[in-house]
Amino acid sequence: MEDKKTPWLYKVIRWLVWLFSPKYKLVGTEKLPDEPCVIVGNHSQMYGPIAGELYMPGKHCVWCAGEMMHREEVSAYAYQDFWSGKPKGIRWFYKILSHLITPLCVLIFNSAHTVPVYHDTRLITTFRESIAKLREGYSMVIFPEHYDEHNNIVHDFQDKFIDLARFYYKKTGTELSFVPLYVAPRLDTLFFGEPMRFRADAPIEEERKRLCAYLMDAITDIAVAQPEHTVIPYPNVPKRLYPKNIPLEVYTNDSSAV
């Protein structure tokens, strides 16, 4: 998927990231539709987007924070999203670091196979670029978690990404499929679940709820069906707080027994 215009420095960084990151096995790829789709996974901190860039089969683009693609926005976004929860005594270091990484972030996020995601009036740009890529045969890879905890496997999904299917249907008359993806760095595996198709004749509010609920539940079901392992959560929390993939009621029962 590389092309001649890709900066050489990015190619070196990409190779180094591949070298030092998990080497994922892909399970369930036969469930992926033959047509462009939306693959929706747990963020697993940076493991999800890295896996999306390096290991997704076929033509694909990863939705990424648009702020990471603009030099004037990187430092504020990076500090708030990655390091604002660090102990107060060392936050000064991460504020400096957020400025130091700016040139590198701009290079990486503009050279990778990405579509910028915005949460302001520029959101229409996200949808337009995504639809154009879908029509070229690319699938979209999206990690829509935010900070509200859903269970020990995933955090709640921001649901506006479902609107991509509504706009795509208006342009093409095709109902997109959404495929759940469980990113399991501790198992060195990416698990794909059964797709669910968008219903163009249903109210969009209903589809947001239905599809997000299905995707979160499907990812959870895939995770708890695997051998016991550590789940790398969306927030950047201390490793001692990382959960296991055992069902949430087990945590509840264990806590009540203490």
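Couple of notes before you dig in:
- Of residues in segment 137-195 being polar (S, T, N, Q) and part of a strand (DSSP E or B), the one farthest from Glu207 (Cα to Cα): Thr189
- Near pairs, Cβ below 7 angstrom, 6+ apart or cross-chain, from segment 162-174 (closer than 17 Å to Ile39 by Cβ) to any residue that is open to solvent by less than 50 Å² (accessible area, probe 1.4 Å) and acidic (Asp, Glu): Ile162/Glu207
- Scanning segment 79-122 for residues that are open to solvent by 50 Å² or more (accessible area, probe 1.4 Å), over 28 Å from Trp8 (Cα atoms) and part of a helix (DSSP H, G or I) turns up Gln80, Lys88, Gly89, Ile90, Arg91, Trp92, Phe93, Lys95.
- Listing of strands (runs of 3 or more DSSP E) fully contained in segment 1-69 that carry 1 or more residues being surrounded by 20 or more Cβ atoms within 10 Å (Cβ to Cβ) and modelled with pLDDT of 95 or more: 38-41, 60-65
- Filtered by the rule that a residue be among the hydroxyl-bearing types (Ser, Thr, Tyr), touching a Lys or Arg at 6+ places or on another chain (Cβ under 7 Å) and closer than 27 Å to Ala78 by Cβ, segment 184-237 gives a lone residue, Thr230.
- Filter result for Ala200 (surrounded by 14 or more Cβ atoms within 10 Å (Cβ to Cβ) and within 26 Å of Ser21 (Cβ to Cβ)): no
- Residues that are surrounded by 12 or more Cβ atoms within 10 Å (Cβ to Cβ) and more than 18 Å from the chain's Cα centre (by Cα) within segment 132-142 comprise Ala132, Arg135, listed in sequence order.
The values are calculated or read from the model by the stated rules, or taken from the named source; none is laboratory data. Computed from a predicted structure; not experimentally measured. Heads up, the Cβs are rebuilt from the backbone with ideal geometry, glycines too, and the neighbour counts pull from every protein chain shown. Side chains are part of the model used for accessible areas, which takes the heavy atoms of the whole protein and leaves out ligands, DNA and RNA. Shrake-Rupley method; radii C 1.70, N 1.55, O 1.52, S 1.80 Å.
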